[in-house]
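Some notes on the structure that comes next.
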């Protein structure tokens, strides 16, 4: 998965016609994929919410809510989790 793989707005090219609604759909799809990958990596490493929270400094309920799509994580939170879990969020 490539983050920012679509140019959302611009003055030239076919993607320059993308509407904000279409851009939001792309972002939502990417967010869901990132969350899925974070959860899979946490489980593959055998980490509980509590263990991951202790390592990252992100509260366990926040991690749980992110994985259940109850809240939208910031980029910083995603990156903290990805680094600890050994994920590269910029490539497929």
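With (1) under 12 Å from residue 89 (Cβ atoms); (2) modelled with pLDDT of 90 or more as the list, and residue 32 as the residue in question, which single condition is left unmet?
Going through (1) under 12 Å from residue 89 (Cβ atoms); (2) modelled with pLDDT of 90 or more one by one, residue 32 breaks only (1).
Of all residues in the stretch 67-92, count the ones that are assigned to a loop (DSSP other than H, G, I, E, B), farther than 21 Å from residue 48 by Cβ and under 11 Å from the mean Cα position of the chain (by Cα).
5
Just to be sure I understand, how many residues within the stretch 18-32 are under 11 Å from the mean Cα position of the chain (by Cα) and surrounded by 13 or more Cβ atoms within 10 Å (Cβ to Cβ)?
Of the residues in the stretch 18-32, the ones under 11 Å from the mean Cα position of the chain (by Cα) are 27-32.
Checking which are surrounded by 13 or more Cβ atoms within 10 Å (Cβ to Cβ) leaves us with 27, 30-31.
Matching residues across the stretch 18-32 total 3.
Can you work out which of the residues in the stretch 49-71 that are surrounded by 12 or more Cβ atoms within 10 Å (Cβ to Cβ) and out of contact with any helix residue (DSSP H, G or I) (no Cβ under 7 Å at 6 or more places or on another chain) is farthest from residue 87 (Cα to Cα)?
61
Of 82, 44, which residue is surrounded by 14 or more Cβ atoms within 10 Å (Cβ to Cβ) and modelled with pLDDT of 95 or more?
Of the residues listed, the single one that is surrounded by 14 or more Cβ atoms within 10 Å (Cβ to Cβ) and modelled with pLDDT of 95 or more is 82.
The values are calculated or read from the model by the stated rules, or taken from the named source; none is laboratory data. The model shown is predicted, which means the values in this text are computed figures rather than measured ones. Note that we place each Cβ from the backbone using ideal geometry, even for glycine, and neighbour counts take in every protein chain shown.
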